[in-house]
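Accompanying notes for the structure given below.
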Amino acid sequence: MEKRTLIIGDVHGCFKELKKLLKKVAADPDKDRIIFIGDLINKGPDSRKVWEIFREMKATSIMGNHEYSLLQLTQGKFHKHSKYFDVLRKNFGSKFDDFVEDVSQFPLWLEDHELMMVHGGLVPGLHPDQTDPWHLVTLRTWDGEGEDLKSESNPPWFDLYTGDDLVVFGHWAALGGVNLPKVIGLDTGCVYGGALTCLILPERKLVSVKAQKKYAQI
Ligand SMILES: [Mn+2]
């Protein structure tokens, strides 16, 4: 049987829901390829526990905007999400440096045969290696220039996508998930009281577990 690929949406510290979801899909680190779509951390109950599960699952993660900002901050650059930094540091304690080392290995995108994975989205007409990393991790809508990445007066980036790869992304919880022929959005807003979702490939099956509570405001 072909190896399964399990792609998991934005966890944001929701370790209980993550455990439940992994159980529901019978995730097996020795048999499945397990990939997180980014934003493992911040906002939710326990980022460190999510990272521990990530390690147990021998998983990979795409770089989310929260991981990207964390790296910038550890390099002394001011960035968004700095308000989460102290909480995260305390949460990880003596494991903080190990965690940051792991995060520094997260790819900004992953392309594999006919599959493309990215946290935010793809700039229309550009390959990720031609794209500003900040766009890859935060893009929602496209204004034609990349100045405004989220105004709802502009079209979602995936409305302008014309490639052949199946693109799997996260980051846009307000949509409550996206399922189009060439585009799958996995952020179903677990930390906001929604659900945590896993895409199983090659079957293209979506499996979710409901959030136990609302941990943060969207
Ligand atoms: Mn995000």
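The values are calculated or read from the model by the stated rules, or taken from the named source; none is laboratory data. Predicted model, so just to flag it, every value in this text is computed and none were measured. Backbone-built Cβ (ideal geometry, glycine too); neighbour counts: all protein chains shown.
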Within the range 55-69, which residues are at pLDDT 95 or above and either within 29 Å of Lys150 (Cα to Cα) or of a type in the set (A, V, I, L, M) (or both)? Met57, Ala59, Thr60, Ser61, Ile62, Met63, Gly64, Asn65, His66, Glu67, Tyr68
Residue in the range 17-47 that is nearest to Asp187 (Cα to Cα), counting only those that are among the charged types (D, E, K, R) and surrounded by 19 or more Cβ atoms within 10 Å (Cβ to Cβ): Asp39
As an exercise: evaluate Lys43 against (1) of a type outside the set (A, V, I, L, M); (2) under 20 Å from Lys205 (Cβ atoms); (3) within 12 Å of the ligand (Cβ to nearest atom) and give the number of the one condition it does not meet. (2)
Right, Phe85: away from the ligand (no atom under 14 Å from the Cβ), in contact with a strand residue (DSSP E or B) (Cβ under 7 Å, 6 or more places away or on another chain) and among the hydrophobic types (A, V, I, L, M, F, W, C) or not? no
Count, please, the residues in the range 76-99 that happen to be over 19 Å from the mean Cα position of the chain (by Cα) and at pLDDT 90 or above. 12
Which residues, taken from the range 48-75, are acidic (Asp, Glu) and surrounded by fewer than 20 Cβ atoms within 10 Å (Cβ to Cβ)? Glu52, Glu56
Only one residue in Asp112, Asp102 is within 22 Å of Ile8 (Cβ to Cβ) and modelled with pLDDT under 95. Which one? Asp112
Right, Asn65: of a type outside the set (A, V, I, L, M, F, W, C), under 18 Å from Pro107 (Cα atoms) and within 16 Å of the ligand (Cβ to nearest atom) or not? yes
Of everything in the range 2-42, what is without any contact (Cβ under 8 Å) to a residue 12 or more places away in the chain and on the phi > 0 side of the Ramachandran plot? Give them in sequence order. Ala26
Which one of these is within 16 Å of the ligand (Cβ to nearest atom) and farther than 30 Å from Gln212 by Cβ: Trp109, Trp172, Trp142? Trp109
So Glu114 ticks every box in (1) in contact with an Asp or Glu (Cβ under 6 Å, 6 or more places away or on another chain); (2) surrounded by 15 or more Cβ atoms within 10 Å (Cβ to Cβ); (3) not aromatic (Phe, Trp, Tyr) but one. Which box is left unticked? (2)
May I ask you to say which residue of Val183, Val191, Val207 is among the hydrophobic types (A, V, I, L, M, F, W, C), surrounded by 20 or more Cβ atoms within 10 Å (Cβ to Cβ) and either within 16 Å of the ligand (Cβ to nearest atom) or touching a residue at least 40 places away in the same chain (Cβ under 8 Å) (or both)? Val191
Name the pairs whose Cβ atoms lie under 8 Å apart, with the first residue in the range 52-71 and without any contact (Cβ under 8 Å) to a residue 40 or more places away in the chain and β-branched (Val, Ile, Thr), the second away from the ligand (no atom under 12 Å from the Cβ) and outside any loop (DSSP other than H, G, I, E, B), and 6 or more positions between them or separate chains? Ile53/Phe15; Ile53/Leu18; Ile53/Lys19; Ile53/Leu22
Does Gly177 fit the bill of being under 16 Å from Met117 (Cα atoms), surrounded by fewer than 21 Cβ atoms within 10 Å (Cβ to Cβ) and within 16 Å of the ligand (Cβ to nearest atom)? yes
